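The values are calculated or read from the model by the stated rules, or taken from the named source; none is laboratory data. Model, not experiment: these values are computed from the prediction. Every residue, glycine as well, gets a Cβ built from its backbone with ideal geometry; the counts of neighbours run over all protein chains shown. Heads up: the accessible areas ignore ligands, DNA and RNA and are worked out on the full protein's heavy atoms, side chains in. Shrake-Rupley method; radii C 1.70, N 1.55, O 1.52, S 1.80 Å.
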Amino acid sequence: MKQPIRHINPFFVHESCPFKAFVLNISYCRDVSHMSFLAHRIKPHLVDASKQYPNFETWYSKVSTELLYGLRSIVFIYHKNDIAAFSILKHSDVEKKICTFYTVNKYRRNHIGNLLMQNSLQLLGSGSVLITMPDKKVDEFRNILSKYNFVNQNKIMNYYNKNEEEYFFI
């Protein structure tokens, strides 16, 4: 049986909205085991990403560790006890990045991406925020990138995957 998700830190959500948001990071969790439990709840949703990027397990282990040190956060959008969307954020002294931006298939086309992006950008704060994606995903994200004024700054061949271009938006 799924354990219910504890509502931690809502923001940018109207009371009548059926979707709620919360942030998972060291500042908002009651203990490390709670944070670990929630971080592992998203792992099944990362199957697509794990196919697209080499060394995915190593990266995800690094994310889990960096959550404990306050270098990463995860923004969840949920509906009842289901995770509807999430983003994995990196906020170090040298980089503010949306590393993963994902909406579960059954919740797509409900403007959840906007709610997720608003919450992600609010948490990252002012300044330049980086988001990268492979060329095959750019069309899928074109509208939301445009809405939040992301501009393609660069593209690099073979950055993550052989024979693929990775686009860098700020």
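Worth a mention:
- Temperature 4 °C, viscosity 1.567 mPa s: under these conditions the Stokes-Einstein estimate for segment 82-127, based on its Kirkwood radius over C-alpha pairs, is 115 µm² per second.
- Note on Leu121: accessible area is roughly 40 Å² with a 1.4 Å probe, heavy atoms of protein only.
- HN-Hα J in Hz across segment 157-170 - Karplus 6.51, -1.76, 1.60, θ = phi - 60°, x for Gly and Pro: 6, 6, 5, 10, 10, 5, 6, 10, 8, 10, 9, 10, 10, 10
- The calculated FRET efficiency for the pair Tyr148 and Ser61, based on their C-beta separation and a Förster distance of 22 Å, comes to about 0.15.
- Between His111 and Tyr53, the modelled label-to-label distance comes to 3.0 nm, taking each label 7 Å out from Cα in the direction of the beta carbon.
- Sparse-neighbour loop sites [chymotrypsin sites (Phe, Trp or Tyr not before Pro); segment 49-92; at most 12 other C-beta within 10 Å; DSSP]: Tyr69
- Close amide-amide hydrogen proximity is noted between Ala84 and Ile77, Tyr78, His79, each under 5 Å apart and 5 or more residues distant or on a separate chain (H modeled in the peptide plane; Pro and chain starts excluded).
- List His111, His79, ordered by accessible area with a 1.4 Å probe, largest first: His111, His79
- Protein-only accessible surface at a 1.4 angstrom probe places the residues Met157, Met133 in the order Met157, Met133, largest first.
- Listed by chain and number, the lysines placed with their C-alpha closer than 16 angstrom to that of Lys136 are Lys51, Lys155, Lys162; residues fewer than eight positions away on the same chain are left out.
- Remark: the Cα gyration tensor places segment 41-170 in the rounded category, a/c being less than 1.5.
- Where only alpha carbons of segment 99-165 are counted, the Rg and the Dmax (Å): 13.0, 34
- Rolling a 1.4 Å probe over the protein chains gives Ile131 an accessible area of about 10 Å².
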